[in-house]
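Chemist: Please read through the structure below; I'll follow up with questions.
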Amino acid sequence: MLLKDKFAAFAVVFIWGINFYFMKVGLSEISPMILGCLRYLLVLVPALFFIQVPKTGWKWLLLYGLISNFSQFAFMFSAIATGMPTGLVALVVQSQAFFTVMIAAFVLKEQIRWNQWIAIIVASLGLLLIAFGQQHSHVPLVGLLLVLCSALSWACGNIVVKRIGKVNPIGLVVWGNILTPVWFLLLALYDQGWQGVMTDWSALTWKGLTAAAFLAYFATIIGYGLWIYLLTRYPAAKISPLSLWVPVVSMGFAYMFLDEQLNIWQWFGSLIIMMGLMVHLFGLKLHHFLINKKMRYFKI
């Protein structure tokens, strides 16, 4: 990976790591669907008037927005609204890396290596421990299920990006979400009615607006713009695991600023998932290193 791409990956990890804090701030004032609507309204305005439509079919643009943005964050915001700790959300949603690898293998015919299979199995055990821990906390199990649905949506969105191919990343983020605020608003109307929607809008303060602005301009336009840039230049199995560092930033940020605490099962499950992530990222390199070392030993 080129040095500039490594810096791009680092920027994505940091922005997405702290963006869960801003989700929590926004959801303390308004409902999940209204936060999603506001987020993508800010994504579109004023960028819609300056960014050209990317050179790809409208069906792919709209499919990207529906799956990778509306579906992913409708589930994620709803999970946080149930009381799911943001640090735990940041960790569990990284299961998208494993979903992405498996879907890419079946849809794009990308090869799954042995270390990736082991990582998937190990991470699955970690998720089971977290699920067990949910039963011993005040957070309902439905929160965990919503995060897994969010991760699956993100993974499917990654595959859509791979099928689109090389494209202007900012153009895809902006024009791909041209209908996303509408989907959020319709779901909010279905769930809350006009009165509930108007109540949410009237409850919005500068804190909620600042949170939505961060989610729109930093987490979405910059974060996803860089993410798409990386996905269109490297294999999905190489890029998707990079987001696995996001929970490290998010958990530290949540501990310092949100005073979030996990029970022993959730911590243990989180450590197991991180072990799976390490196998995913470094298992093959470690295997090659040990083989080379063994070969040099026997030559001596």
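The values are calculated or read from the model by the stated rules, or taken from the named source; none is laboratory data. Predicted, not measured: the structure shown is a model, and the values here were computed from it. Don't worry about glycine lacking a Cβ; one is built from the backbone with ideal geometry, like all the others, and counts go over all protein chains shown. We work out accessible area using only protein heavy atoms, side chains counted, and drop any ligands, DNA or RNA first. Shrake-Rupley method; radii C 1.70, N 1.55, O 1.52, S 1.80 Å.
Chemist: Can you compute the modelled spin-label distance between TYR190 and PHE106, with each label point 7 Å from Cα toward Cβ, in nm?
Modeler: Spacing of the two 7 Å Cα→Cβ label points: 2.5 nm.
Chemist: When the Cα centres of the stretch 43-104 and the stretch 247-270 are compared, how far apart do they sit, in Å?
Modeler: Going from one Cα centre to the other spans 23 Å.
Chemist: Continuing with the same structure: If you average 1/r over all unlike Cα pairs in the chain and invert the result, what Kirkwood radius do you get in angstrom?
Modeler: Values: mean 1/r = 0.0505 Å⁻¹.
This gives a value of 19.8 Å.
Chemist: Something else about it: Let me check something: with ligands and nucleic acids excluded, how do SER150, SER31 order by accessible area (1.4 Å probe), largest to smallest?
Modeler: Greatest to least solvent exposure: SER31, SER150.
Chemist: Mind counting lysine pairs for me in the chain? Cα separation below 21 Å, and the two need to be 8 or more apart along the chain or on different chains.
Modeler: 20
Chemist: Ok, one more. In nm, to one decimal, how far is the MET275 label point from the SER28 one, both placed 7 Å along Cα→Cβ?
Modeler: 3.6 nm
Chemist: So, with a 1.4 angstrom probe, what is the percent of accessible area on the chain that is carbon and sulfur?
Modeler: Values: 10390 of 14370 Å².
About 72 percent, which is the carbon plus sulfur part of the accessible surface.
Chemist: Residue by residue, what Karplus-based ³J(HN,Hα) values in Hz, rounded to whole numbers, does the stretch 104-110 have, using 6.51, -1.76 and 1.60 with θ = phi - 60° and x for Gly and Pro?
Modeler: 4, 5, 7, 8, 9, 6, 6
Chemist: Can you pull the semi-axes for the stretch 60-218, root of five times each eigenvalue of the Cα gyration tensor, sorted largest first, whole Å?
Modeler: Equivalent ellipsoid semi-axes, largest first: 29, 24, 12 Å.
Chemist: Still on this structure, I have one more. Which loop-located chymotrypsin sites (Phe, Trp or Tyr not before Pro) does the stretch 33-130 contain, where loop means any DSSP state but H, G, I, E or B and the Cβ has at most 14 other Cβ atoms within 10 Å?
Modeler: PHE50
Chemist: Just how large is the dipole of the chain about the Cα centre, in debye to the nearest 20, putting +1 at every Lys and Arg Cβ and -1 at every Asp and Glu Cβ?
Modeler: Computed about the Cα centre, the dipole is about 1600 debye.
Chemist: Which value, in Å² rounded to 10, gives the accessible area of ILE51 with a 1.4 Å probe and all protein chains present?
Modeler: Accessible area, nearest 10 Å²: 50 Å².
Chemist: Per DSSP H run of n ≥ 4, the term is -39500 (n - 2.57); total these for the chain, divide by its residue number, and report the mean residue ellipticity at 222 nm rounded to 500 deg cm²/dmol.
Modeler: -23500 deg cm²/dmol
Chemist: In addition: For a label point 7 Å from the Cα of LEU258 along Cα→C-beta, name the residues of the stretch 82-98 whose backbone N is under 20 Å from it.
Modeler: Within reach of a label on LEU258: 82-97.
Chemist: Over the stretch 9-143, what is the relative contact order in whole percent, taking alpha-carbon pairs under 8 Å and six or more residues apart?
Modeler: Details: 55 pairs, mean separation 39.0, N = 135.
It rounds to 29 percent for the stretch 9-143.
Chemist: Could you provide, to the nearest whole Å², the per residue accessible area of the chain with probe 1.4 Å?
Modeler: Ligands and nucleic acids excluded, the figure is 48 Å² per residue.
Chemist: Moving on. Direction-averaged shadow area of the convex hull around the Cα atoms of the stretch 115-202, nm²?
Modeler: Details: hull surface 37.1 nm².
Mean shadow area of the hull around the Cα atoms is 9.3 nm².
Chemist: Another question, if that's okay. Determine the sum of side-chain charges near VAL107: Lys and Arg each +1, Asp and Glu each -1, restricted to other residues whose C-beta is under 15 angstrom from that of VAL107.
Modeler: +2
Chemist: Of LEU108, VAL45, LEU35, which is farthest towards the positive pole of the chain's charge dipole, taken about the Cα centre with +1 and -1 on the beta-carbons of Lys, Arg and Asp, Glu respectively?
Modeler: LEU108
Chemist: In whole angstrom, note down how far apart the Cα centers of the stretch 154-171 and the stretch 214-229 are.
Modeler: Centre-to-centre distance over Cα atoms comes out at 13 Å.
Chemist: Using label points projected 7 Å from each Cα along Cα→Cβ, tell me how many nm separate ILE121 and ALA203, to one decimal.
Modeler: 4.7 nm
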